[in-house]
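Notes follow once the structure below has been shown.
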């Protein structure tokens, strides 16, 4: 997931909002403080995109919230711990 985040932070739409230096510092912070949890070898089929199922399984088994702007994932939000970034910010503020 850290590799995927590093790749996503290089997307043009994010680079216009997040300085490369800040992105690198954020990734370093995550690498030095994150808990590493192994992938489920065969997560159950839940989402429309099979590539997202491991993310859902990871969030569920680690009692975490999956934060995404992906519409297919957000469609599952009523039943699973998935929130869009704005909902996460609102949750953190409350």
Let me spell it out: the conditions are (1) part of a helix (DSSP H, G or I); (2) surrounded by 15 or more Cβ atoms within 10 Å (Cβ to Cβ); (3) over 13 Å from the mean Cα position of the chain (by Cα), and residue 6 meets all of them except one. Which number is the exception? (3)
Candidates 19, 73, filtered to the one that is surrounded by fewer than 11 Cβ atoms within 10 Å (Cβ to Cβ) and free of Cβ contacts under 8 Å to residues at least 40 places away in the same chain: 19
Take the residues of segment 39-69 that are assigned to a loop (DSSP other than H, G, I, E, B) and surrounded by 16 or more Cβ atoms within 10 Å (Cβ to Cβ): which is modelled with the highest pLDDT? 68
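The values are calculated or read from the model by the stated rules, or taken from the named source; none is laboratory data. Note that the coordinates shown come from a computational prediction; the quantities given were computed from them, not determined experimentally. Positions of Cβ are backbone-derived with ideal geometry, glycine not excepted, and every protein chain shown enters the neighbour counts.
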